[in-house]
1. Quick check on the range 65-76. Is at least one of its residues surrounded by fewer than 10 Cβ atoms within 10 Å (Cβ to Cβ), within 15 Å of residue 10 (Cα to Cα) and not hydrophobic (A, V, I, L, M, F, W, C)?
2. Only residues that are over 17 Å from residue 59 (Cβ atoms), in contact with a helix residue (DSSP H, G or I) (Cβ under 7 Å, 6 or more places away or on another chain), modelled with pLDDT of 80 or more and part of a loop (DSSP other than H, G, I, E, B): list them for the range 1-45, please.
3. Is it fair to say residue 81 is modelled with pLDDT of 80 or more, open to solvent by less than 60 Å² (accessible area, probe 1.4 Å) and touching a Pro at 6+ places or on another chain (Cβ under 8 Å)?
4. Considering (1) part of a loop (DSSP other than H, G, I, E, B); (2) surrounded by 13 or more Cβ atoms within 10 Å (Cβ to Cβ), say which one residue 93 fails and leave the rest.
Amino acid sequence: MLFGTPHHGLRIKELREMILSEKEESVGPELRMRNISNLQILEKLEEGSYFLEEQKRDLINIWEECKPRIVSYYEMRWTPNCKKSKGGNCKRDGPNAEMVKWYSAQLF
């Protein structure tokens, strides 16, 4: 069984805002580098990213050789967005949103 990244990406607006909200002067160099790394990874998972398109093409080629059985799952309801609390913690209590489109759960 494989649980993977949505093939067509996901909504990253709120997650990006949380990473960028770290005040430059309030974080040390180690956290600053981790935030840059997190942002780079997150941008690769954004809807329409070139990285995901390449990954999808590669995966299709592998799938055609192996011919495995595919079962796709996806959310049918909008879910609360992540947002940073006043204490700086991440919580899923923001406004509801469709984080992943239904077709993003399907390879083909």
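The values are calculated or read from the model by the stated rules, or taken from the named source; none is laboratory data. Since we're looking at a predicted model, the values are computed, not measured. Here the Cβ positions follow ideal geometry from the backbone for every residue, glycine too, while neighbour counts run over all protein chains shown. For accessibility, only protein heavy atoms count, side chains too; no ligands or nucleic acids. Shrake-Rupley method; radii C 1.70, N 1.55, O 1.52, S 1.80 Å.
1. yes
2. 12
3. yes
4. Only one criterion is unmet by residue 93, namely (2).
Conditions (1) open to solvent by 60 Å² or more (accessible area, probe 1.4 Å); (2) in a loop (DSSP other than H, G, I, E, B); (3) modelled with pLDDT of 75 or more, marked per residue:
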| position | (1), (2), (3) |
| --- | --- |
| 54 | yes, no, yes |
| 57 | yes, no, yes |
| 60 | no, no, yes |
| 63 | no, no, yes |
| 86 | yes, yes, yes |
